[in-house]
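This report refers to the structure that appears directly beneath it.
The values are calculated or read from the model by the stated rules, or taken from the named source; none is laboratory data. Keep in mind the model is a prediction, meaning the values are calculated, not measured. When we count neighbours, we look across all protein chains shown, and the Cβ atoms used for this are built from the backbone with ideal geometry, even at glycine. Side chains included, ligands, DNA and RNA excluded: accessible areas come from the protein's heavy atoms. Shrake-Rupley method; radii C 1.70, N 1.55, O 1.52, S 1.80 Å.
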Amino acid sequence: PGQQEAERVLALDEALSRLATTDPQAAELVQLHTFGGLSVEEAGKQLGLSRAAAYRQWAFARAWLRCDLDEK
């Protein structure tokens, strides 16, 4: 389990780097929410986004990352 978890974290980190080239704000939102412990709303507020915009970015980022990770 430890090796698999490490591989998943590495794959996510690499996918986040790719997302950052496409949409830096979405990547930052993911980092703040996933690794920073902020809610989607809190992360969005930190980035100057409305609640609705933050959730749209979150939905986009999740879908983008899922597609990216499925391709690997």
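Being among the hydrophobic types (A, V, I, L, M, F, W, C) and either under 9 Å from the mean Cα position of the chain (by Cα) or open to solvent by 70 Å² or more (accessible area, probe 1.4 Å) (or both): is that true of VAL40 here? Here the answer is no, as VAL40 does not meet what is asked.
Would you mind stating whether GLN46 is within 24 Å of ASP70 (Cα to Cα), free of Cβ contacts under 8 Å to residues at least 40 places away in the same chain and open to solvent by 80 Å² or more (accessible area, probe 1.4 Å)? Answer is no for this residue.
Looking across the stretch 2-35, just one residue is modelled with pLDDT under 95, surrounded by 12 or more Cβ atoms within 10 Å (Cβ to Cβ) and more than 20 Å from CYS67 (Cα to Cα), and that is PHE35.
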